[in-house]
Amino acid sequence: MNVENGDARKRRSVEPYDPFEHRKVEKPNSDLRSCANLIKSSLGSGLLAGPLAFSNAGWGIGIIGTIIVGIICGHCIHILVKTSRGCCVVEKKPLLGYSETCKSVFTNGPKQVRKFATTASIVAEFALVLTYAGVCCIYTVLIGDSVKQLADNYAPSMILPVEYYCLILLVPLCLMCQIKYLKWLAILSVTANVLLFVTYLFCLYYIFSGPIKFNDKIAIGNPARYPAFLSTVIFAMEGIGVVMPVENAMKKPKHFLGFPSVLVVAMGVIVFLYSTLGLFGYFRYGDVLRGSITLNLPMDEWPAICAKVFIALSIFFTYPLQFFVVIDTFTKYTEPRIKPNYRVVAQIVSRVVGVCFCVGIGMALPLLEQIINIVGSLFYSILGLIIPGIIETVFRWNDLGRFNWVLWKNCFIIAFGFLCLFAGCTVTVLDIIKIQTGQTE
């Protein structure tokens, strides 16, 4: 009997560490809820900006580019999660966040890069906070724009700037962002997904309710506008900052990767919805599109009014999910330094201050299309393309595959990320200068 117990202990010591067996999640999510969170973290204002992206690239380049970007973004999510799981085995920890994964990769990588472990963690945290703070700013402006359209139509005697509507949203957003658990945020995400899908159907209704002209629509647009297209598509496709919290909170985390899986289903839905709405929205409205297709819909018909209300509510319900990444990072560093009896108050205050900051930035820069492009080209390129390519390369440095194909593949992803970053930022800054110059003349 003792011999058998000794053999069992020996086998357990030889077997690799299984992080899934050691995970203890307070309120785990089902596969459906996890898929809903992943879809909602990507879709929203990005989906409705699809037609504008297609007008920048042309419908032919738009379709091909959307599919390619979808594959690249999905692959980057895949390698991030796979690398994180590998680091969990090495570190013998049940789960790791985004920045923790980056630190672990460099800590356990080749000797030459170990000194950069802390720097990698800081860069990842900084990119996460800036990215999702930028997303919250975009959501503030989008909701404000939608509410302003409705208010201007039904109360023409009291026309206010969009900044005032952003300020009015401050109190309800502060209350919504007090929700702490992804389990409860998943309920809001499901509701937001339903509203977004209904809005998608309303947009298709208006797209096909009038004549669609193909002869004046270009298949291959001006190459100078491709960076703006890529920035908008990357913004719409990427939800990588929410990926690790979603995967870490799953009841069955093994279902996140594989085929079929939560990731494959979510990315398939995202690419399909984005490409169809982008293509047909461009065919219907041409080059006169605004940052969100709902802003192009008429104001005197109930389906269009419902679409504007639904998208405002959908983005409103999504706001706490995006803000979760910001506050989660803040909590991780501050909570250990706060006395237990003050932590609840500190959480409430920090969430209110964070929302006020995002709303303030949105009020200062109410240029929806340009903010989307900046966040997509600068922040999501770093967070969703460049960093995943780097950490997989470092993690697999001693096993890069035949002919070093992993290295070459990740070099392409990193180069693509830097191209999107520099070209997208340049085009967007030039657009902002042109707009501001036009306003002052």
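Structure notes:
- For Asn29, distant residues with modelled amide H under 5 Å away: Met250, Lys251
- Qualifying chymotrypsin sites (Phe, Trp or Tyr not before Pro) in segment 168-263, DSSP loop, other Cβ atoms within 10 Å at most 11: Phe214
- Of the peptides 54-65, 257-268, the order by per-residue mean of other Cβ atoms within 10 Å, starting with the highest, comes out as 54-65, 257-268.
- Taking Phe317, Phe422, Phe280 in turn, the Gaussian network model of the chain (Cα-Cα springs below 10 Å) assigns the largest fluctuation to Phe422.
- Packing, taken as the mean count of other beta carbons within 10 Å per residue, orders the peptides 98-110, 160-172 from highest to lowest as 98-110, 160-172.
- Flagged links, alpha-carbon separation over 26 Å, of Lys251/Lys308; Lys93/Lys409; Lys180/Lys308; Lys27/Lys332; Lys92/Lys251; Lys27/Lys409: Lys251/Lys308; Lys93/Lys409; Lys180/Lys308; Lys27/Lys409
- Sorting 143-149, 391-397 by average packing, meaning the other beta carbons within 10 Å per residue, from highest down gives 143-149, 391-397.
- Global geometry of segment 176-230, whether rounded, prolate or oblate, following the gyration tensor of its Cα atoms and the 1.5 cut on a/c: oblate
- Cα gyration tensor shape of segment 282-441, rounded if a/c is under 1.5, else prolate or oblate by comparing a/b with b/c: oblate
- Order of Lys115, Lys252 - criterion: other Cβ atoms within 10 Å of each residue's Cβ, fewest first: Lys115, Lys252
- Of Lys111, Lys27, Lys93, the one that fluctuates the most in a GNM where the chain has Cα springs shorter than 10 Å: Lys111
- Quotient of Cα Rg and 2.2 N^0.38 Å for segment 16-440, N being how many residues it contains: 0.97
- In plain terms, the chain from Lys339 to Leu257 could stretch by 25.6 nm, reckoned as 0.36 nm per residue minus the Cα-Cα distance.
- Cα gyration tensor, segment 17-161 - rounded (a/c under 1.5), prolate or oblate: prolate
- Residue with peak Gaussian network fluctuation, the chain [Cα springs, cutoff 10 Å], from Ser121, Ser350, Ser381: Ser350
Just so you know, all these numbers are worked out from the coordinates, no wet-lab data involved. If you're wondering where the values come from, they're calculated on a predicted model, not measured in any experiment. Reconstructed Cβ throughout: ideal geometry from the backbone, glycine too, with neighbour counts over all protein chains shown.
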